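In what follows, a structure is listed as structure tokens, so that the remarks can point back to it.
The values are calculated or read from the model by the stated rules, or taken from the named source; none is laboratory data. What you are looking at is a predicted structure, and each value in this text was computed from that prediction instead of being measured. Cβ: placed from backbone, ideal geometry, glycine included. Neighbour counts: every protein chain shown. Note: accessible area is taken over every heavy atom of the protein model, side chains too, but ligands, DNA and RNA are not part of it. Shrake-Rupley method; radii C 1.70, N 1.55, O 1.52, S 1.80 Å.
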Amino acid sequence: MNLNGKWKLYFYENGSADIADPQKLYQCNIPCIPCTVPGNVELDLSVAGFLPADLFMGTNILSAEKYECFDWWYETSFVPPAPTDGQNVILRFDGVDCVAEYFLNGKSIGTSDNMFIEHEFDVTDKLVYGSENALHVHITSPLAAVHGTDYDLDTVSYSWHNYPLSQYIRKAPHSFGWDIMPRALSAGIWRSVNLNYREKNCFRYVHFELLSIDGTCGKTAMYYQFNSDVCDMFVRHTAVVRGVCGEHSFAAETDMYSDGGRCFINIPNLKLWWPKNYGEPNMYNVTVEVFYDSGEVLASTSFRQGFRTLELRRTDTVQKEGCFEFVINGVKITAVGSNWVPLDVYHSRDTERLQKALELADDIGCNILRCWGGNVYESDAFFDFCDEHGIMVWQDFAMACSYYPQSRIFAEKIEREVRAVAERLRNHACLVLWCGDNEIDAMVAPHNRPSVNRITREVIPHMLERVDPFRPYIASSPYVADSAREAGKDYSPEVHLWGSRDYYKSRFYTDSKAYFVSETGYHGCPSKESIEKFIAPDHVWHYINNPQWNFHSTDQKNSPDRVMLMHKQVRQLFGNVPNEICEYVIASQISQAEAKKFFIERVRAKTDTMGGIIWWNLLDGWPQMSDAVVDYYFTKKLAYNYIKRSSRPILAFVGEMASWGYPVLVADGTDKKADVNVKITDIKTQKVLFSGQCTVLPNHCAQVGFVPMMYSDKGMFLIEFAVNGDRFINTYLYGSPPFDLETYKAFMKSADEAEANIS
């Protein structure tokens, strides 16, 4: 029984009223407005007129800060049907932000203090069936909930963000203010509420693990636990397992001797799950039924299941024959994808944005998404999509850029969170890595050994050993082993390449020794049409000393740093900065597109030794000037098309100038060799500079030719190539800046026309 929809919302400043239970709500003169569940309180306040209708216009979101110290009471009523014999009735909240107490018919039934995980309450004996039941949720101000906490010195000194309270409450880190998100200390029932009727005999879980492949036969282990009567616990039961994937099916019968355990099932001709570019992401419809001797079904369940083996090959330091790479079904995968950041400031709107965002990730060519640690954990629908489309998922736990408390109390919170998240997500074939946090190792390393962090070195891995021991885990991204810290700068095998974000071909980028780049980006301005949707008309142009541009480039600190960074990147590439908005937008988007193309292609040039790149980032979660290649309104920047070209499984491209010319390269990011025809034309002169054929081995990059050129020459190559009859184009901007903007736009037009002619 779904309880989403229209509720009532009461609110008051924390401490201004003494309301400990629902009865007192009606004795106090406090506001009450209609609200929506799932929802966020700011959105309801906007609809009711307490806040501006568009919180993202200009600096409107600042007006929401006065509600950070408010308490909130949600109220609804419902008439539940009676359960059948043996059913339990579970009240389930999929997401509540954040510190809450729950009341059913005026009586407290429990509390919660974590917005990331689900909360369940058995209300079988607390409901009045066939009559109205009153449900209330009291959410305390996050500031009030943490007020008075004694902050440990290490949590303050080892942190990049000066918001200690964010480290003591299990709330999305970005909500305290980030360089990609505004401060928005929201509250709300942000995911669904359901009344679940569960049979007494039901599976608590079924979990498959592919142990090995012998030819085409897969040996799997099936782990299970189901609820049953005590007298059934040590009785032998018969279980029948069936699976169907396209035209292939399997069926197996096995004995179960208790209400939980493990059995082995061999699946002949098993169709494996593969990441994009390496095969089909085969998924089985699986059913499991457990029978009494009489033939009656004791418990049953059904689900989608992908089968694959998984390994993360890595070394702790940059060293001879070092590595950081994913291996699926025994095959190294060249990972090319995006960091996945918050879909919206107000997470109750994530669902309406999810499908379109995932379709963009699939279309642009991602075979991996890194779920960044400053975010929330995504819904089942996200992981289902990635399963079905062969997109690997790297999952950070929700901690970022701050050193979290090392106390027993905090450790217990994280243990509960890890268990809940891992148990919900562990059946997904797409999930290839757990990561302890975002950038905390790198933050601690200048001051102390990263291993001092017992949350990521002890608490998380020990819990994962209990609930998901078969999936790789690293303590942080970038992971800095103590040995890498001792070896010095640039000895971590996996890095976030940010630096000063100067010229994208600077030595900071080209000299990196890392085997895997898990963050790197470059700013690009949104379109004029998008800017006009979130910047007030009198502030749309010019951007220098413009408080609204500043506001939508960092958090609420009015810093011009990111705006001027974008300015300098444009000036670096073109020698000057256009003083008209449309010209500025295109110049900025060209700068971003060329940079991200360069980052991806430099990694692909090292396919033999590197494991991949996860660029920053696909989509904005609020309107801003940013590294994203699709803005908040789903308008694509130029970089989207450039990245799509550079992410193709087979790619012809040009390397960097050396020995009086440019090497012609072909990278194969698949498990099959490729026969490729390549032609390179100088767009300016229309002269064919190279034409040839080659065969490239799987997961390999080969030099297949050379284009003689002088260092002083400037122009653009049109790279046309064919793979198995399919034709594609790529481009390469050769020479050194500054380039002429009008000339570049003419090159770009010629390339687009060439691409249109083959599509």
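Please go through the stretch 289-315 and give me each residue that is part of a strand (DSSP E or B), at pLDDT 95 or above and of a type in the set (D, E, K, R), ordered by number.
Across the stretch 289-315, the qualifying residues are Arg304, Glu311, Arg313, Arg314.
Restricting to the stretch 477-499, count the residues that are among the polar types (S, T, N, Q) and either out of contact with any helix residue (DSSP H, G or I) (no Cβ under 7 Å at 6 or more places or on another chain) or farther than 30 Å from Gln572 by Cα (or both). Quick ask: steps written out before the conclusion?
The initial filter retains those residues of the stretch 477-499 that are among the polar types (S, T, N, Q), namely 477, 483, 492.
Pick out the ones that are also either out of contact with any helix residue (DSSP H, G or I) (no Cβ under 7 Å at 6 or more places or on another chain) or farther than 30 Å from Gln572 by Cα (or both) and you get 477, 483.
Count: 2.
Rundown of residues vs (1) of a type in the set (S, T, N, Q); (2) open to solvent by less than 10 Å² (accessible area, probe 1.4 Å), yes/no style:
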{"site": "Asn4", "(1), (2)": "yes, no"}
{"site": "Lys8", "(1), (2)": "no, no"}
{"site": "Ala17", "(1), (2)": "no, no"}
{"site": "Gln23", "(1), (2)": "yes, no"}
{"site": "Ile30", "(1), (2)": "no, no"}
{"site": "Val37", "(1), (2)": "no, yes"}
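Would you list the helices (runs of 4 or more DSSP H) that sit entirely within the stretch 437-515 and hold 2 or more residues that are open to solvent by less than 20 Å² (accessible area, probe 1.4 Å) and under 26 Å from Glu209 (Cα atoms)?
Working: elements: 440-444, 460-467, 482-487, 507-510.
Answer list for the stretch 437-515: 460-467.
Only residues that are in a helix (DSSP H, G or I) and open to solvent by 10 Å² or more (accessible area, probe 1.4 Å): list them for the stretch 561-580, please. Show your work before the answer.
Of the stretch 561-580, the ones in a helix (DSSP H, G or I) are 561-574.
Correct list: Asp561, Arg562, Met564, Leu565, His567, Lys568, Arg571, Gln572, Phe574.
Checking the conditions here, which among Ile139, Ile109 is in contact with a Cys (Cβ under 9 Å, 6 or more places away or on another chain) and at pLDDT 95 or above?
Numbers: Ile109 fails: in contact with a Cys (Cβ under 9 Å, 6 or more places away or on another chain).
Selected residue: Ile139, the only one of Ile139, Ile109 that is in contact with a Cys (Cβ under 9 Å, 6 or more places away or on another chain) and at pLDDT 95 or above.
Filter the stretch 79-96 for residues that are part of a strand (DSSP E or B) and open to solvent by less than 10 Å² (accessible area, probe 1.4 Å) and give the result.
Here is the first cut: in the stretch 79-96, the ones part of a strand (DSSP E or B) are 88-93, 96.
Within the stretch 79-96, Val89, Leu91, Phe93, Val96 qualify.
Hey, among the residues in the stretch 516-528 that are open to solvent by less than 10 Å² (accessible area, probe 1.4 Å) and small (Gly, Ala, Ser), which one's nearest to the chain's Cα centre (by Cα)? Lay out the reasoning, then the answer.
If we filter the stretch 516-528 for residues that are open to solvent by less than 10 Å² (accessible area, probe 1.4 Å), which is where we start, we get 516-526.
Cutting the leftovers down to small (Gly, Ala, Ser) gives us 518, 521, 524.
Values: Ser518: 12, Gly521: 16, Gly524: 21 Å.
Ranking the qualifying residues of the stretch 516-528, first place goes to Ser518.
Out of Thr220, Thr254, report the one residue that is of a type in the set (Val, Ile, Thr), open to solvent by less than 70 Å² (accessible area, probe 1.4 Å), under 30 Å from Val421 (Cβ atoms) and over 34 Å from the mean Cα position of the chain (by Cα). Steps first, answer last, please.
Working: Thr220 fails: over 34 Å from the mean Cα position of the chain (by Cα).
Answer to the check: Thr254.
Got at least one residue in the stretch 677-699 being among the acidic types (Asp, Glu) and in a strand (DSSP E or B)? Reasoning before the result, please.
Within the stretch 677-699, the subset among the acidic types (Asp, Glu) is 682.
Still in the list and also in a strand (DSSP E or B): 682.
Looking through the stretch 677-699, at least one residue is among the acidic types (Asp, Glu) and in a strand (DSSP E or B).
Of everything in the stretch 186-216 that's more than 21 Å from the chain's Cα centre (by Cα) and not in a strand (DSSP E or B), which residue is modelled with the highest pLDDT? Lay out the reasoning, then the answer.
Initially, the stretch 186-216 is screened for residues more than 21 Å from the chain's Cα centre (by Cα), giving 187-189, 193-216.
Restricting the remaining residues to those that are not in a strand (DSSP E or B) gives 187, 199-201, 215-216.
Working: Ala187: 97, Glu199: 88, Lys200: 83, Asn201: 83, Gly215: 88, Thr216: 91.
Of everything passing the filter in the stretch 186-216, Ala187 is modelled with the highest pLDDT.
Between a first residue in the stretch 468-480 that is over 19 Å from Leu310 (Cα atoms) and a second residue that is among the acidic types (Asp, Glu) and in a loop (DSSP other than H, G, I, E, B), which pairs have beta carbons less than 6 Å apart while being 6 or more apart in sequence or on different chains?
Qualifying pairs under 6 Å: Ser476/Asp437.
Just the residues that are crowded, with 21+ Cβ neighbours inside 10 Å and either touching a helix residue (DSSP H, G or I) at 6+ places or on another chain (Cβ under 9 Å) or farther than 16 Å from Asp441 by Cβ (or both), please, taken from the stretch 386-400.
Cys386, Asp387, Gly390, Ile391, Met392, Val393, Gln395, Phe397, Ala398, Met399, Ala400
Could you please let me know if Gly218 is farther than 17 Å from Val99 by Cβ and in contact with a Phe, Trp or Tyr (Cβ under 8 Å, 6 or more places away or on another chain)? Talk me through it step by step, then tell me what you get.
Numbers: farther than 17 Å from Val99 by Cβ: yes; in contact with a Phe, Trp or Tyr (Cβ under 8 Å, 6 or more places away or on another chain): yes.
In short, yes.
Would you mind finding the one in Ser46, Ser131, Ser77 that is of a type in the set (S, T, N, Q) and free of Cβ contacts under 8 Å to residues at least 12 places away in the same chain?
Every option except Ser46 fails the conditions.
Residue by residue, here is whether (1) open to solvent by 70 Å² or more (accessible area, probe 1.4 Å); (2) β-branched (Val, Ile, Thr); (3) within 17 Å of Leu651 (Cα to Cα); (4) within 35 Å of the chain's Cα centre (by Cα) holds:
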site	(1), (2), (3), (4)
Lys679	yes, no, yes, no
Ile683	no, yes, no, no
Leu689	no, no, no, no
Cys701	no, no, yes, yes
Gly705	no, no, yes, no
Lys714	yes, no, no, no
Arg727	yes, no, yes, yes
Asn730	no, no, yes, yes
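So is Lys276 open to solvent by 30 Å² or more (accessible area, probe 1.4 Å), modelled with pLDDT of 95 or more and farther than 30 Å from Ala442 by Cβ or not?
no
Here are some residues: Leu343, Leu354, Leu358. Which one is closer than 30 Å to Tyr632 by Cβ and surrounded by fewer than 19 Cβ atoms within 10 Å (Cβ to Cβ)? It would help to see each step written out before you state the result.
Numbers: Leu343 fails: surrounded by fewer than 19 Cβ atoms within 10 Å (Cβ to Cβ); Leu358 fails: surrounded by fewer than 19 Cβ atoms within 10 Å (Cβ to Cβ).
Sole residue among the options that is closer than 30 Å to Tyr632 by Cβ and surrounded by fewer than 19 Cβ atoms within 10 Å (Cβ to Cβ): Leu354.
Scan the stretch 394-419 and report the pairs whose first residue is closer than 14 Å to Asn453 by Cβ and whose second residue is part of a helix (DSSP H, G or I) and open to solvent by 40 Å² or more (accessible area, probe 1.4 Å), with Cβ atoms within less than 6 Å and a gap of 6+ or a chain change.
Tyr403/Asp154; Gln406/Arg454
Sort out which residues of the stretch 97-120 are touching a residue at least 24 places away in the same chain (Cβ under 8 Å), among the polar types (S, T, N, Q) and open to solvent by 20 Å² or more (accessible area, probe 1.4 Å), and write them in order of number. Let's see the steps before the verdict.
At the first step, the residues of the stretch 97-120 found to be touching a residue at least 24 places away in the same chain (Cβ under 8 Å) are 97-106, 108, 113-120.
Next, from what is left, pick out any that are among the polar types (S, T, N, Q): 105, 108, 114.
Correct list: Asn105, Ser108.
State whether one or more residues within the stretch 175-195 are surrounded by fewer than 21 Cβ atoms within 10 Å (Cβ to Cβ), over 16 Å from Met399 (Cβ atoms) and touching a Pro at 6+ places or on another chain (Cβ under 9 Å).
So far as the stretch 175-195 goes, yes, one or more of its residues are surrounded by fewer than 21 Cβ atoms within 10 Å (Cβ to Cβ), over 16 Å from Met399 (Cβ atoms) and touching a Pro at 6+ places or on another chain (Cβ under 9 Å).
Quick check on the stretch 542-555. Is at least one of its residues touching a residue at least 12 places away in the same chain (Cβ under 8 Å), within 22 Å of the chain's Cα centre (by Cα) and open to solvent by less than 10 Å² (accessible area, probe 1.4 Å)?
yes
Of the conditions (1) modelled with pLDDT of 95 or more; (2) among the aliphatic types (A, V, I, L, M); (3) in a loop (DSSP other than H, G, I, E, B), Ile544 clears all except one; give me its number.
Checking Ile544 against (1) modelled with pLDDT of 95 or more; (2) among the aliphatic types (A, V, I, L, M); (3) in a loop (DSSP other than H, G, I, E, B), the one that fails is (1).
So is Met748 outside any strand (DSSP E or B) and either closer than 21 Å to Val336 by Cα or open to solvent by 60 Å² or more (accessible area, probe 1.4 Å) (or both) or not?
Working: outside any strand (DSSP E or B): yes; either closer than 21 Å to Val336 by Cα or open to solvent by 60 Å² or more (accessible area, probe 1.4 Å) (or both): no.
No: the conditions fail for Met748.
Determine if the stretch 659-676 includes at least one residue that is without any contact (Cβ under 8 Å) to a residue 40 or more places away in the chain and aliphatic (A, V, I, L, M). Lay out the reasoning, then the answer.
The initial filter retains those residues of the stretch 659-676 that are without any contact (Cβ under 8 Å) to a residue 40 or more places away in the chain, namely 659, 672-673.
Still in the list and also aliphatic (A, V, I, L, M): none.
The answer is no, given that none of the residues of the stretch 659-676 is without any contact (Cβ under 8 Å) to a residue 40 or more places away in the chain and aliphatic (A, V, I, L, M).
Name every residue in the stretch 222-240 that is touching a Leu at 6+ places or on another chain (Cβ under 8 Å) and either at pLDDT 95 or above or not in a strand (DSSP E or B) (or both), in order of residue number. Steps first, please.
First, pick out the residues of the stretch 222-240 that are touching a Leu at 6+ places or on another chain (Cβ under 8 Å): 226, 228, 232, 237.
Once the filter is applied, which keeps residues that are touching a Leu at 6+ places or on another chain (Cβ under 8 Å) and either at pLDDT 95 or above or not in a strand (DSSP E or B) (or both), the stretch 222-240 yields Ser228, Asp232.
Being open to solvent by 40 Å² or more (accessible area, probe 1.4 Å) and part of a strand (DSSP E or B) is the filter here, so list the residues in the stretch 65-78 that pass it.
Residues of the stretch 65-78 that are open to solvent by 40 Å² or more (accessible area, probe 1.4 Å), as a first pass: 65-66, 69, 77.
Result: Ser77, single match.
Within the stretch 300-319, which residues are open to solvent by 30 Å² or more (accessible area, probe 1.4 Å) and of a type in the set (Val, Ile, Thr)?
If the condition is that a residue be open to solvent by 30 Å² or more (accessible area, probe 1.4 Å) and of a type in the set (Val, Ile, Thr), then Thr301, Thr309 are the ones that fit.
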